[in-house]
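First comes the structure, then the notes that go with it.
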Amino acid sequence: MATMKIKKGDTVQVLTGKDRGATGKVIAVNRETGRVTVEGVNRVTRHTKAGQSARGSRTGGLVVQESPIHVSNVAVVDPSDKKPTRIKTRVETVERDGRQKASRVRVGARSGKDL
């Protein structure tokens, strides 16, 4: 599988599915399954059983939480025009301690500005 260009903390927009057009911040990234969890998107209701947890009793009932969606269904929002964009990388040379060092910078493909 190719490397994931979406990282935790990015603001993304959903491109397909029931939450199409919704934007939110990435909470978690799972590289093995290729899925991301986005805040406020793909909310599902889970039925939890009352039981005992490590800190004491846990109440049961309905819990609404975010469920992961595939990374191909989201795109990073460009900070300049608030529209979805692809991500490119730009290699910059930085001089530290008298030595040249290459560093990669993530750049939005629409505007060319840093993400």
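Residues are listed down the side, and each one gets a yes or a no for (1) at pLDDT 90 or above; (2) surrounded by 12 or more Cβ atoms within 10 Å (Cβ to Cβ); (3) acidic (Asp, Glu):
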{"position": "SER72", "(1), (2), (3)": "yes, no, no"}
{"position": "GLN100", "(1), (2), (3)": "no, no, no"}
{"position": "SER103", "(1), (2), (3)": "no, no, no"}
{"position": "VAL107", "(1), (2), (3)": "yes, yes, no"}
{"position": "ASP114", "(1), (2), (3)": "no, no, yes"}
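One residue stands out in the stretch 8-54 among those that are charged (D, E, K, R) and assigned to a strand (DSSP E or B): the one that is nearest to GLY108 (Cα to Cα), namely LYS25. Out of GLN52, GLN100, GLN65, one residue alone is assigned by TED's automatic domain parsing to the domain that holds MET4, free of Cβ contacts under 8 Å to residues at least 12 places away in the same chain and of a type in the set (S, T, N, Q). It is GLN52. Of everything listed in (1) surrounded by fewer than 17 Cβ atoms within 10 Å (Cβ to Cβ); (2) in a strand (DSSP E or B); (3) in contact with a strand residue (DSSP E or B) (Cβ under 6 Å, 6 or more places away or on another chain); (4) not assigned by TED's automatic domain parsing to the domain that holds ARG104, the single unmet condition for VAL91 is (4). Does the stretch 77-84 contain any residue that is buried (at least 17 other Cβ atoms within 10 Å of the Cβ) and among the charged types (D, E, K, R)? Scanning the stretch 77-84 turns up at least one residue that is buried (at least 17 other Cβ atoms within 10 Å of the Cβ) and among the charged types (D, E, K, R).
The values are calculated or read from the model by the stated rules, or taken from the named source; none is laboratory data. Note that the coordinates shown come from a computational prediction; the quantities given were computed from them, not determined experimentally. Neighbour counts are summed over all protein chains in view; Cβ atoms, including those assigned to glycine, are modelled from backbone coordinates with ideal geometry.
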